[in-house]
Amino acid sequence: MMKRVRLSQAMTLLVFPLLAGSTLPSTPACAAPQKAASADRFVDSIGIGGGAPRTPEGNKVYREKAMPRILELGVRAIRTDVDTHNESSEQIYRDLGKQGIKTMAIIDPRGVQWGTAHTPEQAIAMLKRVGPQNMIVEGPNEPDLINPNYLFVYNGKAITAHPEIIRDYMRDLYTALKNDPATKNVTVVQASIGAAPKGGEDIWKYCDVIAAHWYGPGAAPGWRVNWEAARRQMRDTDKPIWVTETGDHTAVYKSDGLWQPGIPEDVQAKNTARIPFYYFSQGIPRTFIHQLFSGDDLFYSQAQFGILRGDYSPKPAFNALRDIITLMKDPGPAHEAKPLDYTLTGDQTNMMQLLLQKRDGRHYLVLWQNVNSFNPQTLSMLNNPTKRITVSITAPTAGANLYAPTTNGTVATGTRQGKTFTVEVPDHPLIIELVSKAGQLAKTTRPLLAQVPGALPPQAPMGVRALRPIAGNEIANHGFEIGALQPWNDYGTESKIVGQPVFSGTKAVQIGDGDGKGGVNIGVALKPNTEYLLRAHTMLSKTGEQARLTVAPRGMPEKTGHFTHTIWAPVTVEFTTGADGSAQIYFWKDAGEGSAFGDNFILTTPDKLSGVEAIIKAQELKPVGLNATTTAK
């Protein structure tokens, strides 16, 4: 498992900026003919993060347990940090190459303590030993996310004072690789950075491919990606973009401060299945899902991104990705896919499509709703009704086989006859295989399953109590009685849940942690154009300090309540929502000394405040699981 630095909420997306409030447009009916892409080229675009360990014992386990899963999955590229001094790991890269699987090696001057620091010369020597034809090279991983324990240093200069050294390292690495006859044809992927470094704005010159990392809040793939702004930020380079990290973790009841909320295994399967189709449809030649392996700690976010569990058993996301690859792979010489005349009619709001073709002429039309499938604020599944779409084919067609690999694997969910037929499009990929002969229609089918099979329910830590809002209160986990932030997000520092001081119950949140700056936030969905009241009991640990409670309704002015008191006292903020009703709540301690504490956060309409406070005082909350379902709106 790669070492990952902590991503802050401000760095949701590396390279790609965010579009506040953007949504996918309604897809219009297709105008014939439509271009198709090679189905096998699509399969070639799918990669996975998950490299070999660095000890002989670890490599033995990798060979026995991990490599069979990699071959079962069917991906053709693995992304990993590498050790230029580990012969047993290098043999794994050679063995993967024999199976047609390329290793994308992250080359980084950091990592001395792990024995993985690389000079360009060491990287070239390793590539020659392994076989350059088996390798892709990627620059340093997220070097501009400042981590004192993993600080980027090159040629004696630290990035904190010399941001241009990222460019310098990529220049030296790229030049060395391209000047050596043995490695000149190795694809070089740029370091994954948020923006061009000051003083090194020409970094884009020193790579063949631009790298991007995209993480969303458990949302549908491509959440708020602004493709045009991304290109402008990269100085309009015409080099291809690869997404070298993207994915979701399943630590729904996470105990750490990572901003990204966890999602259940079945939702991870839906998102993972949509990821390769989404990015390929946007012209991304290769996307690496983060990641293959999970750890044993079910409550640590970074340990639960894997599509395999800690015991190497598959999560539903692994099964979905494997079955997509099985259905779509078509190895052989390169070929140009031919267009297809077809039309889609029906409600296509937030629906996406991708047309692929195999060498034997069969077209595959992939449709899916690119909508969220889980609400991390209320910890409830979103019920997204299927969309009925009519497909009309102009070319001679006997019918279609329908597949939904996320729920039904490689067994067809049904068949359709003729050139015009209707389908039900879910919030995961529906693959429509168009056939020219009636004899090619599937003989065995199974109706579309409503649930993703094989998903384990999220395991809640001992003593977890209700996370969903109590009646009248729009904020979940209002008193932090579960002993964790979820579904709140740590914002800017490591906030913590404490047992003292508390206003009521047994827990409260502490922000600032003694260094004086930091906070937590939570997003809420409210009624549009409605007056609300936010109240929390707060206190500071030191006199002369200041903290605040802020509401930021989308499209409306922020409202803030400041406080300086050092005993528990309420802070109240009144505000009005905008046209879409969404808002962000921030509890923030300014720079200074000491900490701030918060408890009993209430968000309600003014007429219900007294009733909510009475419920909080009198109600005994019962332990619950993730059994609520909310209909998507």
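The values are calculated or read from the model by the stated rules, or taken from the named source; none is laboratory data. Given the structure is predicted, the values throughout are model-derived calculations rather than measurements. Here Cβ is always computed from backbone atoms with ideal geometry, including for glycine, and neighbour counts include all displayed protein chains. Remember, those area values only see protein heavy atoms, side chains included, never the ligands or the DNA or RNA. Shrake-Rupley method; radii C 1.70, N 1.55, O 1.52, S 1.80 Å.
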Between the residues T397, Q291, L382, the Cα farthest towards the positive end of the dipole of region 279-428, that dipole coming from +1 and -1 charges on the beta-carbon of Lys, Arg, Asp and Glu, is from T397
Once the in-chain neighbours fewer than 8 apart are removed, the lysines whose Cα is under 23 Å from K517 read K254, K496, K507, K542, K559, K589
Among region 302-346, those whose backbone N falls under 14 Å of a label point 7 Å along Cα→Cβ from Q99 are 322
For the table K270/K387; K178/K205; K128/K329; K60/K315; K35/K358, the rows whose alpha-carbon distance is greater than 19 Å are K128/K329; K60/K315
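Express the accessible area of region 267-340 per residue in Å², computed with a 1.4 Å probe while the remaining protein chains stay in the model.
31
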Descending accessible area (1.4 Å probe), largest on the left, turns D266, D360, D599 into D360, D266, D599
Ordering 570-580, 191-201 by per-residue average of other C-beta atoms within 10 angstrom, highest first, gives 191-201, 570-580
In nanometres, the difference between 0.36 nm per residue of separation and the alpha-carbon distance of S313 and A158 is 51.7 nm
With all protein chains present, region 493-612 has a carbon and sulfur share of its accessible area (1.4 Å probe) in percent of 50
The long-range amide H neighbours of I289, using H built 1.01 Å from N in the peptide plane and a cut-off of under 5 Å, are G47, I48, G49
Probe 1.4 Å, all chains present, heavy atoms only: T390 accessible area in Å², nearest 10, is 40
Check: C-alpha center region 360-421 vs C-alpha center region 310-326, spacing in Å is 20
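Using a 1.4 angstrom probe with every protein chain in place, what is the largest-first accessible-area order of V371, V153?
V153, V371
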For the K60, K35 Cβ pair and Förster radius 45 Å, calculated FRET efficiency rounded to 0.05 is 0.40
Heavy-atom accessible area of I78, protein chains in place, probe 1.4 angstrom, given in Å² to nearest 10, is 0
Counting only protein heavy atoms with a 1.4 Å probe and every protein chain in place, the carbon and sulfur fraction of the accessible surface of region 230-385 in whole percent equals 49
Unit-weight point scatterers at every alpha-carbon of region 82-220, Debye formula, q = 0.11 1/Å: log10 I(q)/I(0) is -0.40
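How much length, in nm to one decimal, is gained on full extension between T326 and T343, taken as 0.36 nm per residue of separation minus their Cα-Cα distance? Each step should come with its number before you reach the end.
Numbers: separation 17, 0.36 × 17 = 6.12 nm, distance 2.71 nm.
Gain on stretching T326 to T343: 3.4 nm.
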